[in-house]
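J.: So that we are looking at the same thing, I have put the structure below in structure tokens.
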Amino acid sequence: MAQPLVKKDDDRDDEAEYSPFMGIEKGSVLQEARVFNDPQLDARRCSQVITKLLYLLNQGETFTKVEATEVFFAVTKLFQSKDMGLRRMVYLMIKEISPSADEVIIVTSSLMKDMNSKIDMYKANAIRVLCRITDGTLLSQIERYIKQAIVDKNPVVASAALISGFHLLQTNPEIVKRWSNEVQEAVQSRAALVQFHALALLHQIRQNDRLAVSKLVTSLTRGTVRSPLAQCLLIRYTSQVIYESGNNTQAGERLFYDYLESCLRHKSEMVIFEAARAITELNGVTSRELTPAITVLQLFLSSSKPVLRFAAVRTLNKVAMTHPMAVTNCNIDMESLISDQNRSIATLAITTLLKTGNESSVDRLMKQITNFMSDIADEFKIVVVEAIRSLCLKFPLKYRSLMNFLSNILREEGGFDYKKAIVDSIVILISDIPDAKEVGLLHLCEFIEDCEFTYLSTQILHFLGIEGPKTSDPSKYIRYIYNRVHLENAIVRASAVSTLAKFGAAVDALKPRIFVLLRRCLFDSDDEVRDRATLYLNTLGGDGSVVETDKDVKNFLFGSFDIPLVNLENSLKNYEPSEEAFDINSVPKEFKSQPLAEKKAPGKKPSGLGAPPSGPSSTVDAYEKMLSTIPECANFGKLFKSSAPVELTEAETEYAVNVIKHIFDRHVVFQYNCTNTIAEQLLEDVIVNVDASEADEFSEVFSKPIRSLPYDSPAQTFVAFEKPEGVSAVGKFSNILKFIVKEVDPTTGEAEDDGVEDEYQLEDLEVVAADYVLKVGVSNFRNAWESLGPDFERVDEYGLGPRESLAEAVNTVINLLGLQPCEGTEEVPPNSRSHTCLLSGVFIGNVKVLVRLSFGLDGPKDVAMKLSVRSEDETVSDAVHEIVASG
């Protein structure tokens, strides 16, 4: 039963909010529903019971088939009541119960009677219910009534019919499309809501016909739309037409832009904002075209309505990412919003100012932000921190004041994500601004004195081990590091030991002091700490042993781990203990995000040598074992890489063929996986005739045919080519599948003795530069980059021309080079105008190569790129640049 109605005490705001439905149960409500059967209906009582039933349904309560049927039939009896409020509740209940097809007939006559009623409220609700519960058969019977309702003089009835059209468009689109004339007429309605619903439905009907949508927008932009809601819709449709038209219709685009600009002078604030937002989001919009939109948004910044201030500052924040100079005129107005009571508005104002501010305004902004930071939640603080980082990179001479600000807020209260954002920002600034290194490292050292997050402490110690030895006075950091050995948990103590060892390896003057500190760590209570101390003393020679070279020590401590962990894990699982020790060099370095899978004809399962290896760690081994069975490949040496299968035929064709490229130092072997998909044919002497006329550096060595290819039995034919050693030769190969076809008797399954020579044209195949590169990730790109050194670094800049987006340019270059993206840098944040992507891999000849790509938008769509390459061989660095230059 429902709780008795009591007055809520207004002074006790901390108590739970009162609900009149608290504690109701389905069983008791179903019992109450018997009042629907009373001869003398109590409309108020019946409405209360229906309200409880609707509450239960919306709370996820399920009714059994029997319960739902009983409630439905009981509710239908309420049609005899003339009470208007109860009738509306009946409509709602029928919609929510969703009666089955055989039950719908019971209420159809009552609903159709109401649909033709003179009472508009009955008519509107009856249309909504009928269209929700009816099927296509009944819909054709009531279609003419709905068409009449669409043009009804009463806006409530017309809107009900139009909304019903939306729902019916999902299930009966052909019927709804026949209402276009009536909907078109409703678009001219003087009722604001009817015009809004009619325009939305008309667009939905025509949305798959771009020309029809363009004509609709063109006709309506001439001023026939009066409703502000409909005007907002039309603005969105206009933006869509401009986007889809591209550069094909300049005159049409100008007409649409003029319409958007005219909407900036509309009397409705909603329409003005929608038009301004649409203009700012246009592709390739110029600063001159932005000016009127920025002007009205600037006026909204001083509005008394919080929603307008928020909408304006959020839009300006997005514009600042792509056109910062266009927003600078709004800076004074945005500075006044820093003290806005709405923290979301204040945060957006600050981050926008940080994007648009100049060097002279940095100090003033920092003072205002300092007071503001203590009043906002961590999620807003992170946004501000990221904006400050970008500002510091923009004005590196201001690093001291910005670094001090980050250091101050780092010592304040905050959660892990907030503190991590600050630490990451300081690390990035240290890396990109050389003058900030010593100041930033000291700030980090001071932070770990009181850091409560183990992960952050270990990351800071790791970074200290890389950057600390490169400073003018490395010894000043030793105290902070060694304090961690005494005052922290075992994980941080172990990390501190590793950092001390890195200082000892990199700075000879500190070695004696480091040896003393590491020996003290031998008495630690934790096994990991003691083991690390012992290992590093051995490695550095602190225990009296002789170390081979300083280079070996530095490679051990600072070198990158270039083997994918998943490959190492699989190799260790497959290792069988024996007298021969596990060889880490046997672990494949190629990175595979998922097992190799071949695309094949439906129902065909590759088997034998053509089947894909079971997982990433076995890919190269499996193919190498397979190729070793071919005598002609015996002297090719070690297999460097095998590509994913490349399809040479369309799906559902007579023959399914794909090819795998096996790369050796001096040879390339094409493995053609062939499947005969015709049951009535047997193929013999199957071979692929390869024309290498467009691959000058390749010469064919041998080809190995398939002697017999029965139906649904995949087999392989091989063609090998020789190429210059150590050269990443590229070229295009045309392929023709040649064979002898013999008819097969379907009853006996035996083939005829005589066959006919035939051939089948395959798709062309290309060997590209990326085929000579293995995707090998590194655990720490910065470490790996520093360890390779600048000796064989090559840097150059390239113009990539017009691109759809920065993300598209990044993906194109990644695919061209065939290297492994590191640290998630392949993902480009939305609306970014610059991005840095880190790539790693191994070039043929087992030469490590690292690439740093810096992208930037030069104009509306033109993309410029700075390519920095480091490798162990200068010819490889040059080769990477040649790939980009020729690609």
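The values are calculated or read from the model by the stated rules, or taken from the named source; none is laboratory data. Just so it is clear, the structure is predicted and the values come from calculations on it, not from any experiment. Cβ sites come from the backbone with ideal geometry, for glycine too, and all protein chains shown count toward neighbours. For accessibility, only protein heavy atoms count, side chains too; no ligands or nucleic acids. Shrake-Rupley method; radii C 1.70, N 1.55, O 1.52, S 1.80 Å.
J.: Quick check: anything in segment 761-771 part of a helix (DSSP H, G or I) and either touching a Ser or Thr at 6+ places or on another chain (Cβ under 7 Å) or open to solvent by 30 Å² or more (accessible area, probe 1.4 Å) (or both)?
T.: yes
J.: Say whether the condition of being touching a Pro at 6+ places or on another chain (Cβ under 6 Å) and modelled with pLDDT of 85 or more is met by at least one residue in segment 507-518.
T.: As a first pass, look at segment 507-518 and keep what is touching a Pro at 6+ places or on another chain (Cβ under 6 Å): 507.
Restricting the remaining residues to those that are modelled with pLDDT of 85 or more gives 507.
Yes, segment 507-518 has at least one match.
J.: Can I ask one more? Take Val71 and tell me if it is under 26 Å from Lys147 (Cα atoms), part of a helix (DSSP H, G or I) and open to solvent by less than 70 Å² (accessible area, probe 1.4 Å).
T.: no
J.: Give the residues of segment 348-380 that are part of a loop (DSSP other than H, G, I, E, B) and out of contact with any Asp or Glu (no Cβ under 9 Å at 6 or more places or on another chain), sorted by residue number. Don't jump to the end; show me each part of the working.
T.: Our first condition is that a residue be part of a loop (DSSP other than H, G, I, E, B); within segment 348-380, this holds for 357-358, 374-377.
Matches in segment 348-380: Gly357, Asn358, Asp375, Ile376, Ala377.
J.: Follow-up question, since we're still on this one. Can you find, within segment 86-113, the residue that is most open to solvent (accessible area, probe 1.4 Å) among those that are closer than 18 Å to Leu41 by Cα and within 49 Å of the chain's Cα centre (by Cα)?
T.: So, considering only residues that are closer than 18 Å to Leu41 by Cα and within 49 Å of the chain's Cα centre (by Cα), the one most open to solvent (accessible area, probe 1.4 Å) is Arg88.
J.: Please tell me if Asn154 is open to solvent by less than 80 Å² (accessible area, probe 1.4 Å), in contact with a helix residue (DSSP H, G or I) (Cβ under 9 Å, 6 or more places away or on another chain), under 30 Å from Val187 (Cβ atoms) and not hydroxyl-bearing (Ser, Thr, Tyr). Spell out how you get there, then give the answer.
T.: Details: open to solvent by less than 80 Å² (accessible area, probe 1.4 Å): yes; in contact with a helix residue (DSSP H, G or I) (Cβ under 9 Å, 6 or more places away or on another chain): yes; under 30 Å from Val187 (Cβ atoms): yes; not hydroxyl-bearing (Ser, Thr, Tyr): yes.
Considered against the rule, which asks whether it is open to solvent by less than 80 Å² (accessible area, probe 1.4 Å), in contact with a helix residue (DSSP H, G or I) (Cβ under 9 Å, 6 or more places away or on another chain), under 30 Å from Val187 (Cβ atoms) and not hydroxyl-bearing (Ser, Thr, Tyr), Asn154 comes out as yes.
J.: Given Val157, Val129, which one is in contact with a Phe, Trp or Tyr (Cβ under 6 Å, 6 or more places away or on another chain) and either in contact (Cβ under 8 Å) with a residue 12 or more places away in the chain or not small (Gly, Ala, Ser) (or both)? Let's see the steps before the verdict.
T.: Details: Val157 fails: in contact with a Phe, Trp or Tyr (Cβ under 6 Å, 6 or more places away or on another chain).
On inspection, the qualifying residue turns out to be Val129.
J.: Name the residue, out of Ala230, Ala186, Ala212, Ala191, that is at pLDDT 85 or above and in contact with a Lys or Arg (Cβ under 6 Å, 6 or more places away or on another chain). Walk me through it before giving the result.
T.: Working: Ala230 fails: in contact with a Lys or Arg (Cβ under 6 Å, 6 or more places away or on another chain); Ala186 fails: in contact with a Lys or Arg (Cβ under 6 Å, 6 or more places away or on another chain); Ala191 fails: in contact with a Lys or Arg (Cβ under 6 Å, 6 or more places away or on another chain).
The match here is Ala212.
J.: Here's another thing I want to ask about it. Does Leu216 satisfy being among the hydrophobic types (A, V, I, L, M, F, W, C) and over 24 Å from Ser140 (Cβ atoms)?
T.: Values: among the hydrophobic types (A, V, I, L, M, F, W, C): yes; over 24 Å from Ser140 (Cβ atoms): yes.
Judged against the criteria, Leu216 is a match.
J.: Only one of these is part of a strand (DSSP E or B) and touching a Phe, Trp or Tyr at 6+ places or on another chain (Cβ under 8 Å): Asp665, Asp691. Name it. Break it down into steps so the answer makes sense when it comes.
T.: Numbers: Asp665 fails: part of a strand (DSSP E or B).
One residue alone meets the criteria, Asp691.
J.: Can you find even one residue in segment 869-879 that is hydroxyl-bearing (Ser, Thr, Tyr), touching a helix residue (DSSP H, G or I) at 6+ places or on another chain (Cβ under 6 Å) and open to solvent by less than 30 Å² (accessible area, probe 1.4 Å)?
T.: yes
J.: I'm checking my understanding of the structure. Among residues of segment 36-57 that are touching a helix residue (DSSP H, G or I) at 6+ places or on another chain (Cβ under 8 Å) and among the polar types (S, T, N, Q), which one is modelled with the lowest pLDDT?
T.: The selected residue is Asn37.
J.: Could you say which residue among Glu548, Glu580 is of a type in the set (Asp, Glu), part of a loop (DSSP other than H, G, I, E, B), within 26 Å of Glu786 (Cα to Cα) and at pLDDT below 80? Outline the logic, then answer.
T.: Values: Glu580 fails: within 26 Å of Glu786 (Cα to Cα).
Residue meeting the stated conditions: Glu548.
J.: Suppose the filter is free of Cβ contacts under 8 Å to residues at least 60 places away in the same chain, farther than 30 Å from Val863 by Cβ and in a loop (DSSP other than H, G, I, E, B); does Val307 pass it?
T.: Numbers: free of Cβ contacts under 8 Å to residues at least 60 places away in the same chain: yes; farther than 30 Å from Val863 by Cβ: yes; in a loop (DSSP other than H, G, I, E, B): no.
In short, no.
J.: Could you check segment 703-749 and list, in sequence order, the residues that are over 45 Å from the mean Cα position of the chain (by Cα), modelled with pLDDT under 90 and of a type in the set (A, V, I, L, M, F, W, C)?
T.: Val744
J.: Any idea which of Ala312, Ala276 is open to solvent by less than 60 Å² (accessible area, probe 1.4 Å), touching a Phe, Trp or Tyr at 6+ places or on another chain (Cβ under 6 Å) and closer than 17 Å to Val327 by Cα? Even if it seems obvious, please write down each step before you answer.
T.: Details: Ala276 fails: touching a Phe, Trp or Tyr at 6+ places or on another chain (Cβ under 6 Å).
Answer to the check: Ala312.
Results for (1) farther than 14 Å from Ala533 by Cα; (2) over 38 Å from the mean Cα position of the chain (by Cα); (3) in the same structural domain as Tyr536 (by the TED database), shown as yes or no for each residue.
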{"residue": "Cys445", "(1), (2), (3)": "yes, no, no"}
{"residue": "Phe453", "(1), (2), (3)": "yes, no, no"}
{"residue": "Asn483", "(1), (2), (3)": "yes, yes, yes"}
{"residue": "Val497", "(1), (2), (3)": "no, yes, yes"}
{"residue": "Ala506", "(1), (2), (3)": "yes, yes, yes"}
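J.: Now for a separate question. Specify which of the listed residues (Ile514, Ile478, Ile460, Ile491) is aliphatic (A, V, I, L, M), in the same structural domain as Gly541 (by the TED database) and under 23 Å from Gly414 (Cα atoms). I'd like the intermediate steps shown before the answer.
T.: Working: Ile514 fails: under 23 Å from Gly414 (Cα atoms); Ile478 fails: under 23 Å from Gly414 (Cα atoms); Ile460 fails: in the same structural domain as Gly541 (by the TED database).
Matching residue, one of Ile514, Ile478, Ile460, Ile491: Ile491.
J.: Just name the residue that is nearest to Ala160 (Cα to Cα) out of those in segment 74-102 that are part of a helix (DSSP H, G or I) and of a type in the set (Gly, Ala, Ser). Lay out the reasoning, then the answer.
T.: Within segment 74-102, the first condition is being part of a helix (DSSP H, G or I), and the residues that meet it are 74-80, 84-97, 101-102.
Adding the requirement that they be of a type in the set (Gly, Ala, Ser) leaves 74, 85, 101.
Values: Ala74: 26, Gly85: 18, Ala101: 23 Å.
In this case the residue turns out to be Gly85.
J.: Of the residues in segment 331-341, how many are open to solvent by less than 20 Å² (accessible area, probe 1.4 Å) and closer than 18 Å to Leu391 by Cα?
T.: 2
J.: Restricting attention to helices (runs of 4 or more DSSP H) lying wholly within segment 175-264, give those where 2 or more residues are out of contact with any helix residue (DSSP H, G or I) (no Cβ under 9 Å at 6 or more places or on another chain). Reasoning before the result, please.
T.: Numbers: elements: 180-187, 192-206, 210-220, 228-245, 250-263.
Because the criterion is at least 2 residues that are out of contact with any helix residue (DSSP H, G or I) (no Cβ under 9 Å at 6 or more places or on another chain), the helices (runs of 4 or more DSSP H) in segment 175-264 that meet it are 210-220, 250-263.
J.: Would you tally the residues in segment 351-371 being of a type outside the set (S, T, N, Q) and open to solvent by 10 Å² or more (accessible area, probe 1.4 Å)? First the steps, then the outcome.
T.: First pass over segment 351-371, keeping only residues of a type outside the set (S, T, N, Q): 353-355, 357, 359, 362-367, 369.
Still in the list and also open to solvent by 10 Å² or more (accessible area, probe 1.4 Å): 355, 359, 363-364, 366-367.
The total comes to 6.
J.: So, one more: With segment 700-747 as the region, which strands (runs of 3 or more DSSP E) entirely inside it contain at least 2 residues that are open to solvent by 30 Å² or more (accessible area, probe 1.4 Å) and among the charged types (D, E, K, R)? Give the steps one after another, and end with the answer.
T.: Values: elements: 706-709, 715-722, 731-743.
Counting at least 2 such residues, we get 731-743.
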